[in-house]
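Working notes, beginning with the structure itself.
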Amino acid sequence: MSKQILSGVRVLDLTNVLSGPFATLHLALLGAEVIKIENPKDGDLARKLGVMPALNEQLMGTSFLAQNANKKSVTLNTKTPEGKEIFKKLVKTADVLVENFRPDVMGRLGLGYATLAQINPRLVYCSISGFGQTGPDAFKPAYDQIIQGLSGVMDINGDERLNPLRAGFPVCDTVGGLNAAFAIMAALFHRERSGKGQLIDIAMIDSIMPLMGWVAANLLIAGQKPVPMGNDNFTAAPSGTFKTKDGYMNVAANKQEQWESLCDVVGVPELKTDQRFEKRDIRKKNRKLLTPLLEDKFTQRPTAEWVDLLNAKDVPSGAILNLEAALNQPQIKHRAILKDVTEKGIGNLKLFGLAAQFSDTPGELNAPPPRLSAHTAEVLAGVGITEAELAALKEKKVI
C-alpha cells in the first residue's frame, strides 16, 4: 500500500453538516487521521438528515454518510471544564483544527485560535462560516441557499421564465469546503518551511464568487450585466441544449470551424454563408432564429446518433443523463470515483472517493463513516485518559 500524502497528520474536526465535513473528508481521503469531535447527545446534525428515517434514527443519515468516510468519532462536551481540559490535550497532539461555528462560538468557549496557538504554535486552525470572521454580516446565520442568493449565483441561473433560480445541490457549501481543504494544504506546506501554524478564515460567500469568473468579469470590466439564458451558453452559438428525436443533447460549437463542421454533419451547409449566422458574434445575436432551424434536423434522429456523428467531427456534444445513468456510465466506472465500503449495521455503501488521481500517493476510502462515539475510548486513551476516568466522564455526560 502506498504511503498517503497526509499520513501522520492529525485533524480535529469540530464541523457539522456539509461545508466543514466536506473539507475534512478530502483530508481523510488523503490519509489524515480525522477525528470528529461531536456533542455526546446526538453528534453532527447531518446524522439525522436524509431520506431514510430508519438511518436517521440510527444517527447514520444519508447526508452524514456522504461525507464522513475514513473519519473517527469522539464525543466530547467542550462546554464542561473536563471537556475543555481533554480538548486542549487533543490540541497538543493535533496538526489541524477545523470548525464551522458562528464566529463567536469558539472564543466564548475559551477555545479560540489565540488560546490554542499558545498550546500548539504549529496548529493550522481553519474557521469556515457563511460570511467570514469579520465584517458587517459576520454574525448573520448562513445556509447554502442564503449564500446562493446573496452571492449572485441565483441571479445568473434560469431563463426569462424562471429566474432567480438556485443550483440543484448545495454548491456554496461544497465549494466552501473545497476552498478550506485547499487552504489547509497550503498552510501545512507553509508550516513545513516555517514551523509555524496559522489561522485560516474561510467564507462561503468569498469561495463561491470567484467561480463566476468571466460572468463577473463581463460586469466588472465590460459593464455587461448577465442575462439569464437557461441552457444556452452566452459565449457562443450554437452552444446549449437542443431537442432530439428521443430527448435532448448538449452541443458546444464554440469555434468557427466547429460551427462549420456542425452545418455539414446536420445537412445544412447553406447556413455557413447565411448572413444571419456566418460570423460568431452575429450568430450569438440570432440564436433564437438558429435554434429552430437546427432542431428541425436534430429531431429526426435520436440523441445517441447525433452525439456520435458530431463528436466524430470534433464538434463537442453529449447526452443529458439523469443522475442514475450519470453515476453508472462507463467513464465513471473506468475512473472508479465511486467506492464500495461496508458498514456492519447498514451493509454495502457506495461513496465518492478522492476526485484526484495521484501516481505515487493515491487517495483511499478504507473505512465507513463512524458510528457516534465509536472511537472515544481509543483516542482519549492516547492522551492519557484511563478506563476509570472514561467511566466517570460518561457518568457526567462529558462524553
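Where residues in segment 189-232 are in contact with a strand residue (DSSP E or B) (Cβ under 9 Å, 6 or more places away or on another chain) and among the charged types (D, E, K, R), which of them is farthest from S127 (Cα to Cα)?
D232
Please find, among V315, V266, V227, the residue that is surrounded by fewer than 13 Cβ atoms within 10 Å (Cβ to Cβ) and more than 26 Å from the chain's Cα centre (by Cα).
V227
Is one or more of the residues making up segment 199-209 under 19 Å from G158 (Cβ atoms) and in a loop (DSSP other than H, G, I, E, B)? Step through it out loud before you land on a result.
Filtering segment 199-209 for residues under 19 Å from G158 (Cβ atoms) gives 208-209.
Narrowing the set further to residues that are in a loop (DSSP other than H, G, I, E, B) leaves none.
Scanning segment 199-209 turns up no residue that is under 19 Å from G158 (Cβ atoms) and in a loop (DSSP other than H, G, I, E, B).
Does segment 48-65 contain at least one residue that is within 19 Å of H375 (Cβ to Cβ) and in contact with a Phe, Trp or Tyr (Cβ under 9 Å, 6 or more places away or on another chain)?
The answer is no, given that none of the residues of segment 48-65 is within 19 Å of H375 (Cβ to Cβ) and in contact with a Phe, Trp or Tyr (Cβ under 9 Å, 6 or more places away or on another chain).
Out of the helices (runs of 4 or more DSSP H) lying entirely within segment 266-338, which hold 3 or more residues that are under 18 Å from K243 (Cβ atoms)?
287-298, 303-312
Identify the residue in segment 88-117 that is in contact (Cβ under 8 Å) with a residue 60 or more places away in the chain, hydrophobic (A, V, I, L, M, F, W, C) and farther than 18 Å from A187 by Cβ and, among all such residues, is surrounded by the fewest Cβ atoms within 10 Å (Cβ to Cβ).
Top of the filtered list is F101.
How many residues are out of contact with any Lys or Arg (no Cβ under 6 Å at 6 or more places or on another chain) and part of a loop (DSSP other than H, G, I, E, B) if we restrict to segment 372-387?
Adding up the residues that qualify gives 7.
Search segment 342-371 for residues being in contact with a strand residue (DSSP E or B) (Cβ under 9 Å, 6 or more places away or on another chain) and in a strand (DSSP E or B), and hand back the single one that is nearest to E82 (Cα to Cα).
For segment 342-371, the residue satisfying everything is E343.
Look through segment 80-98, keep the residues that are β-branched (V, I, T) and in a strand (DSSP E or B), and return whichever of them is farthest from the chain's Cα centre (by Cα).
Here the residue is V96.
Values quoted throughout were computed directly from the atomic coordinates according to the rules given, and no laboratory measurement underlies them. Predicted model, so just to flag it, every value in this text is computed and none were measured. We place every Cβ from the backbone using ideal geometry, glycine too, and count neighbours over all the protein chains shown.
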